[in-house]
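Please treat every number below as a calculation from the coordinates, not as lab data. The model shown is predicted, which means the values in this text are computed figures rather than measured ones. A quick note on method: Cβ atoms are made from the backbone with ideal geometry, for glycine too, and the neighbour counts reach across all protein chains shown.
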Amino acid sequence: MRNRTMIMAALLALAIVATACTTSSSSTGAAASPTSSVSSTPSPTPPSPAPPANVVGKKTFTIDAQDFFFSPNVLMGSAGQQLTLTIDNLGAATHTFTIASEHIDVTLVAGSQQTVKVTFPNSGSTEFLCRFHESMGMVGQLQVQ
């Protein structure tokens with residue numbers, strides 16, 4: 001019986017500690033301690049975003065799909081330019097390369113690549129994205145210079 005009481009007390013103490021570690025900071029806006037934001041989960045964004053890629057005059061180009069971003073995520077091209085684009089999934093997760101306005105939607109399992117033909121808009125930009133990770137910022141653009 002004594003062992004059961006000690007186990008219950010230990011579980012209760014763990015529950016209190018777990019609750020204290022998961023509660024949000026107070027409404028006074030006090031900054032969280034530096035150690036409270038440390039996480040072993042890798043960041044879903046690239047360490048430093050790749051600069052836009054100038055693809056004017058090119059017929060082919062390759063972009064990388066990683067966990068959870070495209071690199072580069074902005075391609076600068078000419079109005080109406082057609083480009084054969086290879087998407088290489090270097091990440092561990094399955095991704096899509098989707099351009100709804102061009103009816104492009106391919107799935108890339110980890111370690112695979114797909115080739116699609118894209119057309120730059122006459123002006124402005126067209127968005128591409130991963131349907132699975134759009135909410136995590138896995139988006140990009142075909143931009144007209």
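Stick to Cα atoms and the Kirkwood definition of Rh, then tell me Rg/Rh for region 53-144.
Using only Cα positions, Rg/Rh for region 53-144 is 0.94.
Collect residues whose amide H, placed 1.01 Å from N in the peptide plane, falls under 5 Å from the amide H of SER112; neighbours closer than 5 in sequence don't count.
Those lying under 5 Å, H to H, from SER112 are ASN89.
Taking amide H positions as placed 1.01 Å from N in the peptide plane, with prolines and chain starts having none, which residues 5 or more places from ASP67, or on another chain, fall under 5 Å of its amide H?
The list, which skips near neighbours in sequence, is GLY91, ALA92.
Check ILE104: other-chain or 5+ apart residues with amide H under 5 Å from its amide H, H built from backbone geometry?
ILE99
If each of SER71 and SER125 carries a label point 7 Å out from its Cα toward its Cβ, how far apart are those two points in nm?
Distance between the two pseudo-spin positions: 1.9 nm.
Local charge sum around HIS95 (other residues, Cβ-Cβ under 11 Å, Lys/Arg +1, Asp/Glu -1)?
Within the 11 Å Cβ shell, the charges total -3.
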